[in-house]
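Novice: Can you read through this structure? Questions will come right after.
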Amino acid sequence: MQWHSLSAPEVLRRQGVRAEKGLSPEEAQRRLSQYGDNRLTPPGHKGIIRKFLEQFSDFMVIILLIAAGISFAVSRMEENGDFVDPIIILLIVILNAVIGVVQESKAEHAIEALQKLSAPESRVRRGGKILRIPSEKIVPGDILLLESGDLIPADARLISAVGLKIEESALTGESFPVEKEAQRVFPEKEPVAEQKNMVFASGAVSAGRGTAVVVETGMQTQMGKIASLLIHEETPPTPLQQRLAKTGKLLGIAAVVICMLIFVMGLLQKAAPLDMFMISVSLAVAAIPEGLPAVVTIVLALGVRRMAQNRAIIRRLPAVETLGSATVICSDKTGTLTQNRMAVQELSAVDTSVSFQSTPGQQLLSMAMLCNNAELNQTAEGWQADGDPTEAALAIAAAQQGIQPEDLRKRYPRVAEFPFDAVRKRMTTVHRLSPGEFRIIVKGAPELLLSCCDSYCTENGTAVLNDRAKELALQRNLELSGRALRVIGVAYKNTAAMPSTEGTAEAHLVFVGFCGLIDPPRPEARAAVSTCRSAGIRPVMITGDHAVTAAAIAARLGILQRNNTVISGSELDNMTQRELENKVRSCSVFARVSPEHKVRIVRALQQNGNVVAMTGDGVNDAPALKAADIGCAMGKTGTDVAKNASDMILTDDNFATIVSAVSEGRGIYSNIRKAVHFLLSCNIGEIMTVFAAFLMRLPSPLLAIQLLWVNLVTDSLPALALGVEPKDRDVMNRRPLPAGQSLFAGGLWKRILLEGGLIGSLSLLAFVLGRTFYDTAGAAPAVGRTMTFAVLSISQLVHAFSMRSEESLFTIGVFSNRKMVAAFFVCMLMQVTVITIPPLAAIFKTVPLSAFQWLLVSLLSSVPLAAVELEKALMHRRQQKKRRR
């Protein structure tokens, strides 16, 4: 259907809907069942079987399967061949594949859940009410209400448009926003880019407002028709995951080289070639941390889900890593540091306050009501308004004084509008007074509005706005702002000519007065600012409000301190970027700034070596959100465009939530570091056990099947339990992580090598003790191998507890991470089972241990915990000595 070639009433008729009512809820549900969800059909996810088979594509797994095949062939050729080893190896490989599938699916589901949390919403009119619904539930016939910052959810025919401009580059390639008009009808064969009475899915409202009736959804939209060109990319690996994958490869190469040496040394010691081949391959598989990227993905996903529950939705996983490095948080004032409960507290003429009930007060409120897009509703609790908080407060104040919005709008119908923008800092509406006579009403930033005025209202009519009167007005503005009031100026003029441009509409105005609105600070904001400072993070306020207002709120919250400065937007305009880079070092408040200024501020801070988090909610904030290291969009007041450009969405628009997210981000990064520390130290311990034994010309302390079992038992569950470890209590008393700092900074590699060497040495000691004192000379070292098998596995499980915190385990509590306790007991039970239950012991070539041997195993397995706890105690003592100095 060529909807652009039909008039708006005809399109409404064909869609069976009235613009003022919209679809009924029942009809909308019926159409949703008929047309389906409004989304592009995504490519099918990989099935379970494909995921399972992909687990066998790893090079080391293929080598292991080849080894199992060789073992099976040799066993078949032998007269009394033993098929247990190849069968068990195959079972372990399959079990590893199952665990891999489960981990991949968990990560997938977690990321999908996060994507749903940040899914866009749209405003529609249904059943005569304005609702906000998920965009995927839009159906043909829905009446869309569009305003600046909205993403277009579906193809729709415009019914009305006021200064409406749509950014359609994703569809048409047009780099500039397209001006739309509702009344024109275009020829049937008009190209999509020229259909000015249509809006299309994937577009974004860059200015103005409008209403439209949805005509196509999902795969039937213009974007749906070219969906084959839209490649669905998998979530890219984060920088941390890429670095770990590279580390894993380097470790893998080192492990393969060592295993080849072990194989050659075994042959030189006259060991059976097949046995040596199986041990070498098994050791390589056990030593290579192939599960590291999967564990890190799950830890990230679980942490991000926890952050979402705390009202911070992470849209891009790398943001979690960056949060731990944040050194500056640039925050809007209104709604983020304050409660966003705007209320008109004071009305004022040029030089004095006026009462709400007085004639000047009524005139001021009436004009503020007319130049206003807030939707008023009267409820049992009083007047409520939907729209911009400032406009809502002005409309409610007028309604509370008995000014009826419907009556006022009928008497002075609006015929045109010049929407608010960040450059002019004002909004203008045109109203018909009588045939051939119009009233233009303008509201906005007083200091800019006064420059458009020639006269002002007095008790006796109007007077010329000379320099003296203008000075009085500006002083009055400063006085109101100094009391932390947000000040809005209102002006008007009557004219016989319909204005064609903003310039003609906003010239030679009569200034009516000031509306002073208050938005009190959030109760939790001051504590959050204090936490920031303790964590080495500098809070910075960026606002469109007057400098005096901003400074008053910032001082009350502790953002503006004695040695800090305030910079206004006009001062910014007169600064070079180099000057700004010097000024931002001491500036804590930027007032009367435009969104374009935000990009300059971000870059100046970054040039000083800062990692910057920036909040934003408007269309023009998108460049600053993208430029910042962490772009934080507002979940309540933020536009879809801002959310789309952000790394994180604050569902409650609260500054304290940003600080909480930084704390969680630091905790997640710390947990990943713990998991990596644990996995690599365990893997090095396994390599050291076997390699050192061959260097000492001892028999192999472990069999292939035992190595694979240790790898299976100790890798996954304890590492995942470390991933959900509660964050350290002092996490926000530490300095931010230097940007780009290696995961292994601070001597982590040294500790990994030392702890891995300790685990390997203890396992080898168990082998020597068992072989020397309990095994029969000349026979296979069954007791020695069993003790080695037990010590290697159990010491790693015990070692996981010492990884939990930089604080002593006994300070944080052994049982404070219940998942770690559960992982320990499950893995311990599995390990003890394969030693004590005869059928399993026969498979794993183990023998029963005596009570004294178990005591030895327990003592040796506890040494890593004791050693790390001693190290923590010594480190804590050194830190205390430093503090005393």
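Novice: What number comes out for accessible area per residue over the range 615-678 if the probe is 1.4 Å? Units Å², please.
Specialist: Values: 1370 Å² over 64 residues.
Ligands and nucleic acids excluded, the figure is 21 Å² per residue.
Novice: Oh, and also: Would you tally the net charge around ARG592, using a Cβ to Cβ cut-off of less than 11 Å, leaving ARG592 out, and scoring K and R as +1, D and E as -1? Each step should come with its number before you reach the end.
Specialist: Working: positive: LYS425; negative: GLU447, ASP545, GLU571, ASP573.
Surrounding charge for ARG592 is -3.
Novice: For the Cα atoms of the chain, what angle does the longest principal axis make with the long axis of helix 595-607, in degrees from 0 to 90, nearest 10?
Specialist: Relative to the chain, helix 595-607 is tipped by roughly 40 degrees.
Novice: Sorted by average packing, counted as other Cβ atoms within 10 angstrom per residue and highest first, what order do 446-455, 17-26 take?
Specialist: Values: 446-455: 19.4, 17-26: 15.8.
Averaged packing, sorted descending, gives the order 446-455, 17-26.
Novice: Right, here's the next one. Return the percentage of antiparallel bridges among DSSP beta bridges fully within the range 411-567, rounded to the nearest 5 %.
Specialist: On the way: 32 of 35 bridges.
Roughly 90 percent of the beta bridges in the range 411-567 run antiparallel, per DSSP.
Novice: OK, next. Could you tell me how many degrees, from 0 to 90 and to the nearest 10, lie between the Cα long axis of helix 748-773 and the main elongation axis, the longest principal axis, of the Cα atoms of the chain?
Specialist: 30 degrees
Novice: Residue farthest toward the positive end of the dipole of the chain, with Cβ of Lys/Arg at +1 and Asp/Glu at -1: which of GLN401, GLY461, LEU708?
Specialist: Going by the charge dipole, the pick is LEU708.
Novice: Right, here's the next one. Which order do you get for MET648, MET830 if you rank them by accessible area with a 1.4 Å probe, largest at the top? Working shown, then result.
Specialist: On the way: MET648 0, MET830 65 Å².
The residues order as MET830, MET648, largest area first.
Novice: If you don't mind, there's one more thing I want to ask. Might you work out the accessible area of PHE691 for me, using a 1.4 Å probe with all protein chains in place, and round it to the nearest 10 Å²?
Specialist: That residue has around 50 Å² of solvent-accessible surface.
Novice: Taking θ as phi - 60°, what are the ³J(HN,Hα) couplings along the range 354-367 by the Karplus curve (6.51, -1.76, 1.60), each to the nearest whole Hz, with x for Gly and Pro?
Specialist: For the range 354-367, the Karplus-derived couplings read 10, 7, 5, 8, 5, 4, x, x, 5, 4, 4, 5, 5, 5 Hz, x marking Gly and Pro.
Novice: Residues of the range 349-474: accessible area per residue at 1.4 Å, in Å²? Could the numbers behind the result be given before it?
Specialist: Working: 6060 Å² over 126 residues.
I get 48 Å² per residue for the range 349-474.
Novice: Compute for the range 601-649: radius of gyration divided by Kirkwood radius, i.e. Rg/Rh, restricted to C-alpha atoms, rounded to two decimals. Working shown, then result.
Specialist: Details: Rg = 10.2 Å, Rh = 10.3 Å.
My calculation puts Rg/Rh at 0.99.
Novice: For the chain, find the longest principal axis of its Cα atoms and tell me its angle to the long axis of helix 25-35, 0 to 90°, nearest 10.
Specialist: In the chain, helix 25-35 runs at an angle near 50 degrees to the longest axis.
Novice: In addition: Using only alpha carbon positions, build the gyration tensor of the range 378-460, then give the equivalent ellipsoid semi-axes as the square roots of 5 times its eigenvalues, largest first, whole angstrom. Each step should come with its number before you reach the end.
Specialist: On the way: eigenvalues 111, 67, 41 Å².
Equivalent ellipsoid of the range 378-460: 24, 18, 14 Å, largest first.
Novice: At 1.4 Å probe size, put TRP854, TRP3 in order of accessible surface, largest to smallest. Working shown, then result.
Specialist: Numbers: TRP854 60, TRP3 25 Å².
Result, largest first: TRP854, TRP3.
Novice: Nearest 500 deg cm²/dmol is fine: what mean residue ellipticity at 222 nm does the chain get from its DSSP H runs of n ≥ 4 alone, each adding -39,500 (n - 2.57), divided by its residue count?
Specialist: Details: 32 runs with 442 residues, N = 885.
Roughly -16000 deg cm²/dmol at 222 nm, from the helical runs in the chain.
Novice: Another question, if that's okay. Counting Lys and Arg as +1 and Asp and Glu as -1, what is the net charge of the other residues whose Cβ lies under 10 Å from the Cβ of THR637?
Specialist: Working: positive: LYS636; negative: ASP332, ASP388, ASP617, ASP653.
Computed value for this residue: -3.
Novice: Would you mind telling me the antiparallel percentage of the DSSP bridges in the chain, rounded to 5? If you can, show how the numbers build up before the last one.
Specialist: Values: 76 of 100 bridges.
Around 75 percent of the beta bridges assigned by DSSP in the chain are antiparallel ones.
Novice: If I take every Cα pair under 8 Å that is 6 or more residues apart in the chain, average their sequence separation and divide by the length, what percent do I get for the relative contact order? Write out the running numbers ahead of the final one.
Specialist: Details: 1610 pairs, mean separation 100.9, N = 885.
Rounded, it is 11 percent for the chain.
Novice: If you count, for each residue, the other Cβ atoms within 10 Å and average over each peptide, how do 528-537, 664-673 line up from highest to lowest?
Specialist: Working: 528-537: 18.2, 664-673: 23.4.
Packing proxy ranking, top to bottom: 664-673, 528-537.
Novice: Under a no-solvent Debye model with one identical scatterer per Cα of the range 130-183, what's log10 I(q)/I(0) at q = 0.14, 0.25, 0.27 Å⁻¹?
Specialist: Values returned for q = 0.14, 0.25, 0.27 Å⁻¹ are -0.41, -1.21, -1.32.
Novice: Across the range 441-594, how large is the tail of the calculated P(r) beyond 19 Å, expressed as a percent of all Cα pairs? Numbers along the way, then the final one.
Specialist: Values: 7228 of 11781 pairs.
That tail contains 61 percent of the Cα-Cα pairs.
Novice: Another question about this same structure. With a 10 Å radius around each residue's Cβ, average the other Cβ atoms per peptide and rank 138-144, 478-484, 205-211, highest first. Intermediate results must be reported in sequence, preceding the final value.
Specialist: Working: 138-144: 24.9, 478-484: 18.7, 205-211: 21.9.
Averaged packing, sorted descending, gives the order 138-144, 205-211, 478-484.
Novice: Next question. Ignoring any ligand, DNA or RNA, what whole percent of the accessible area of the chain comes from carbon and sulfur when the probe is 1.4 angstrom? Provide the component values of the computation, followed by the final result.
Specialist: Details: 22390 of 39350 Å².
After summing per-atom areas, the C and S share lands at 57 percent.
Novice: Hey, which lysines would be in cross-link range of LYS881, C-alpha to C-alpha under 23 Å, not counting anything within fewer than 8 residues on its own chain?
Specialist: LYS872
Novice: Still on this structure, please answer the following. What list of ³J(HN,Hα) values in whole Hz, one per residue of the range 564-580 in order, does the Karplus curve 6.51 cos²θ - 1.76 cosθ + 1.60 (θ = phi - 60°) give from phi, with Gly and Pro shown as x?
Specialist: 9, 10, 10, 10, 9, x, 5, 5, 4, 4, 8, 9, 6, 5, 5, 5, 4
Novice: Would you please report the Å³ per residue occupied by the convex hull of the alpha carbon atoms in the range 546-607? Each step should come with its number before you reach the end.
Specialist: Numbers: hull volume 4.9 nm³, N = 62.
About 78 Å³ per residue, rounded to a whole number.
Novice: Just to confirm my numbers, what's the Cα centroid distance between the range 802-827 and the range 389-461 in Å?
Specialist: 64 Å
The values are calculated or read from the model by the stated rules, or taken from the named source; none is laboratory data. As the structure is a prediction and not an experimental result, all values here were calculated from the model. Quick reminder, even Gly has a Cβ in these numbers, built from the backbone with ideal geometry, and neighbours come from all protein chains shown. Side chains included, ligands, DNA and RNA excluded: accessible areas come from the protein's heavy atoms. Shrake-Rupley method; radii C 1.70, N 1.55, O 1.52, S 1.80 Å.
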